[in-house]
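All of the numbers you see were taken from the coordinates with simple rules; none came from a lab. All of these numbers come straight from a predicted model, not from anything done at the bench. Every residue, glycine among them, receives a Cβ derived from its backbone with ideal geometry; neighbour counts consider all protein chains shown.
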Amino acid sequence: MTATLETRMSATQNTTDAEALDRARAAAARVTDPEMPMLTLVDLGVLRDVTIEDDHVVTTITPTYSGCPAMATMRDDLQRELQDAGFPDAEVRVSLTPAWTSDWITEEGRQALKGAGISPPGQAPRHTGPVALTLMPTKRALVCTLCGSANVKLSSEFGPTACKAMYQCDDCLEPFEHVKEI
Ligand SMILES: [Zn+2]
């Protein structure tokens, strides 16, 4: 038993780093979005990188959009999850370039949204130059998350959170949320 442990302890630094990195990645991948808990930060495309630099874990996240109130919570949750996994000195870096787009939401994430009755975003608009703040509702081709009908109407461009719009199905009357394209 002791011999096995010693053998393991004397493993090369590279192996140890690789194991630590796997553990850190797994821990970071467990963190979910506070506003959409069915999505992990990986599903959301917010978690960009997990590395080990100078013996401490460095994670890089890209905020979904500036001023998103969930961002501070995500950061704290990430730090706490890594601390619980044995990385008390983990660092969370914020990368703003390239800017996050809803296109980064993974296929798993889109399925998880649908499973929770939330309509996933369509393709994000292509921005050339500065992004204009649009106050007019965007026209979207959506289907009802309950019955699949395309006969849906926008009830509010701003749902319970700024990143979601509210729709209602004209056929089955189901109200549902839609994650906006940005
Ligand atoms: Zn419907």
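Using alpha carbons only, how many angstrom separate the centre of region 164-182 from the centre of region 40-100?
30 Å
To the nearest 0.05, how large is the calculated FRET efficiency for Arg23 and Lys153 if R₀ is 41 Å and r is the Cβ-Cβ distance?
0.30
Tell me, what HN-Hα J-couplings in whole Hz come from the Karplus equation 6.51 cos²θ - 1.76 cosθ + 1.60 at θ = phi - 60° for each residue of region 30-35, using x for Gly and Pro?
Once rounded to whole Hz, the list reads 7, 6, 10, 6, x, 8.
Which length gain, in nm to one decimal place, applies between Glu174 and Met38 when the Cα-Cα distance is subtracted from 0.36 nm times their residue separation?
Fully extending the segment from Glu174 to Met38 adds 47.0 nm.
Between Thr161 and Glu181, what is 0.36 nm times their sequence separation minus the Cα-Cα distance? Round to one decimal in nm.
Additional length available on full extension: 5.8 nm.
If I model a spin label at Thr51 and Ala124 as a point 7 Å from the Cα along the Cα→Cβ vector, what separation in nanometres do I get?
2.2 nm
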